[in-house]
Amino acid sequence: MGMSKAREEAAQQALNDIRWLIHGNEAAPDEEESYLDGATICALLAKNFSRLDPNNDGITREELLIALMNPQAFTPDEYEMLRLLTKYFETIINLSEDEIGGETKISRYDMMVLEQFLVHSKMSLKELHTWCSMSRQHSVGEEMGPPPLSG
């Protein structure tokens, strides 16, 4: 009985997370981003990349959503990493131009570029997202400066 209750609670949490990711990304802009630092996010992504990408062609949004619907298969930190990848999916897939015809998947190259920003530049995913959004808003001829430094 206790195991089925735990599964039901995990399924409900996954459903709530998916609803939040689909409808509520901008609902609470001041909420704390995550307790995971950039190095931990990158390490967890590297550790789970093959698991999230079983066909070895890059992690799709659908593959992330399938993983989110199966929270009992992941540790709490891994699940938090999945939430962040899903929330910032568009930012991450556009870190490198490594797909023909538009970016649709998180590739291993995207993962390496992400690590450069999160670990070596010490940016958070939220800061990276903001910087990438600002750079897309500039017109083609304008020069965009380097990413901001985190404190």
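Only the coordinates and a few stated rules stand behind these numbers; no lab work does. Bear in mind the structure is a predicted one, so any value in this text is a computation, not a measurement. Cβ sites come from the backbone with ideal geometry, for glycine too, and all protein chains shown count toward neighbours.
Treating r as the C-beta distance of Glu9 and Ser50 and R0 as 35 Å, the FRET efficiency rounds to 0.80. Put in order of Cβ neighbour count within 10 Å, fewest first, the listed residues Asp53, Asp110 become Asp53, Asp110. Legend: calculated FRET efficiency, Thr40 to Glu97, from the Cβ-Cβ distance at R0 = 35 Å, rounded to 0.05, equals 0.85. With all projection directions averaged, the alpha carbon convex hull of the range 32-94 covers 4.3 nm². Among the GluC sites (Glu not before Pro) in the range 63-128, those located in a DSSP loop and surrounded by at most 11 other Cβ atoms within 10 Å of their own Cβ are Glu97.
Taking every C-alpha pair closer than 8 Å and separated by at least 6 residues, the mean separation divided by the residue count of the range 28-104 gives a relative contact order of 28 percent. Of all lysines in the structure, the ones whose alpha carbon falls short of 18 Å from that of Lys47, not counting any fewer than 8 places away in one chain, are Lys105.
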